[in-house]
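Enquirer: Before I ask anything, here is the structure I am working with.
The values are calculated or read from the model by the stated rules, or taken from the named source; none is laboratory data. Note that the coordinates shown come from a computational prediction; the quantities given were computed from them, not determined experimentally. All Cβ positions, glycine included, derive from the backbone under ideal geometry; neighbour counts span all protein chains shown. Note: accessible area is taken over every heavy atom of the protein model, side chains too, but ligands, DNA and RNA are not part of it. Shrake-Rupley method; radii C 1.70, N 1.55, O 1.52, S 1.80 Å.
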Amino acid sequence: MKKILKTLLFLIFGILLIGTFVFLWNKSRTKEVKYETVMPEIKTIEKKTIITGTVEPRNEVAIKPQISGIVVELYKEAGELVRAGDVIAKVQVIPDIAQLNSAESRLNTARINLEHAQNNFDRTEKLHQSGVSSKEAFEQAETQLRTAKEEYSNAQESLQIIKEGISKSTAKYSNTLVKATISGMILDVPVKVGNSVIQANTFNDGTTIATIANMNDLIFVGKVDETEVDRIKVGNHVTLVIGAMQDKSFDALLEYIAPKGTMESGATLFQVKAAVHKIDDDNFIRSGYSANGEIVTEKAENVLAVPEFTLEFAADSAFVYVENPHKEDKEKYTKTPVKIGLSDGFYVEIKEGITTDTPLRGKVVDDKVTK
């Protein structure tokens, strides 16, 4: 029994010893790394500057009332097209009590003066017809009567304007009707029937009744970082990709670069504007759409290019590993210097060092243990 137990222990020890030896031997073996083969290509490389921003109408006008009051009618809504002069809303005047009392007092005074002037004229006219009164006195009484009538008429109109915001003689110039000042599309009507509105004055911008813009004249407004602003120029072509219409792109022309930057989140940004070319009726762009503008700052056409991952950099030099198909192990790849040009972040232009027939070492595809 003791002999059997001792034999088993020796056997287990031997198995562990052999296993350890095999593990260490496998771990010490050299691994062969396999790479994919990459061939240089003829490509057009473009270096772009990306600008984020929004598409907006060039001119957006806020329509405000000429009087303070309450909106009693709205004739238009957002999305409708209007022409200059079209009525958008009607405002009912809320008269000021002090002004109303003053106007009523002025009307009563004018009525008293008119009655007095009428009586005086009637007496003077009878005396003039009988030859007792002079012609001068008659003309003076007639003038006083005309003046009294004019004052009475003005007092009536003033009271009517204070009450209703309009009078018979000024009906065509009514400021109770809010009218469009330009032709275009109504973008927003922020008020509702029953809302109180105030006219623009020294201390207040006034209540906006509607916002109107010409949606056929759009601009792209964005901001570019100070590190990129010197690479773009007024007149550059801009390709717009709108977030809500990602399957389409639109052309624009850069027309403005701000001379002064603004600090935002620790970075200095410069505003830019680009005129969006005419849009067809099938592609309606809404105001406020977010968009990215692409500007090509450098371009190299039909040049030899390789993926950036095939390059290795040391100091100011660039290298590639040229594959030698007929050699093995370490001699399979030769480190070769190359002269590079423009890069777009994915492909790099190669000016000297290799040709289109030169196979290069690419990414790792497999690791195998050398036999």
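Enquirer: Just grab the label-to-label distance for S134 and F346, each label 7 Å out from Cα along the Cβ direction, in nm (one decimal).
Expert: With each label point 7 Å from Cα toward Cβ, the separation is 10.6 nm.
Enquirer: What percentage of the solvent-accessible surface of the range 236-280, computed with a 1.4 Å probe over protein heavy atoms, is contributed by carbon and sulfur atoms?
Expert: Numbers: 1380 of 2670 Å².
The C+S portion of the solvent-accessible surface of the range 236-280 is 52 percent.
Enquirer: Quick check: net charge around E36, other residues with Cβ under 9 Å of its Cβ, Lys/Arg +1 and Asp/Glu -1?
Expert: On the way: positive: K34, R361, K363; negative: none.
Local net charge: +3.
Enquirer: Further question on the same structure: Using only the C-alpha atoms of the range 166-301, find the volume of their convex hull and express it per residue in Å³.
Expert: On the way: hull volume 29.9 nm³, N = 136.
So the per-residue Cα hull volume is 220 Å³.
Enquirer: Right, next: Rounded to the nearest 10 Å², what accessible area does Y333 have for a 1.4 Å probe in the complete protein model?
Expert: 40
Enquirer: Under a point spin-label approximation (7 Å from Cα along Cα-to-Cβ), what is the H277-T147 distance to one decimal in nm?
Expert: Rounded to a tenth, the inter-label distance reads 7.3 nm.
Enquirer: If you plug each phi of the range 122-130 into the Karplus form 6.51 cos²θ - 1.76 cosθ + 1.60 with θ = phi - 60°, what whole-Hz ³J(HN,Hα) values come out, in order, with x for Gly and Pro?
Expert: 4, 4, 5, 5, 5, 5, 5, 5, 8
Enquirer: So, in Å, what gap is there between the alpha-carbon centers of the range 216-231 and the range 185-208?
Expert: The two parts, judged by their Cα centres, are 32 Å apart.
Enquirer: Shifting gears a bit: Calculate, for Q66 and R111, the FRET efficiency according to 1/(1 + (r/R0)^6) with r their C-beta to C-beta distance and R0 25 Å; round to the nearest 0.05. All intermediate terms of the calculation are to be shown ahead of the outcome.
Expert: Values: r = 30 Å, r/R0 = 1.20.
Calculated transfer efficiency: 0.25.
Enquirer: Tell me, what is the 1.4 Å probe accessible area of L177, in Å² to the nearest 10?
Expert: Spelled out: L177, probe radius 1.4 Å, area about 60 Å².
Enquirer: Which cross-chain or sequence-distant (5 or more) residues have an amide H under 5 Å from the amide H of L187, H modelled 1.01 Å from N in plane?
Expert: G79, T211, I212, A213
Enquirer: Which pairs break 19 Å Cα to Cα here: K76/K278; K47/K335; K43/K299; K43/K332; K43/K335; K335/K363? Before the final figure, lay out the partial values.
Expert: On the way: K76/K278 27 Å; K47/K335 28 Å; K43/K299 11 Å; K43/K332 27 Å; K43/K335 24 Å; K335/K363 15 Å.
Table pairs above 19 Å Cα-Cα are K76/K278; K47/K335; K43/K332; K43/K335.
Enquirer: For the pair D316 and Q118, how long in nm is the line joining their label points, each one 7 Å along Cα→Cβ?
Expert: 10.6
Enquirer: Can you tally the net charge around S287? Count Lys and Arg as +1, Asp and Glu as -1, for every other residue whose Cβ sits under 10 Å from the Cβ of S287.
Expert: Working: positive: R286; negative: E56, E60, D188.
So the environment of S287 carries a net charge of -2.
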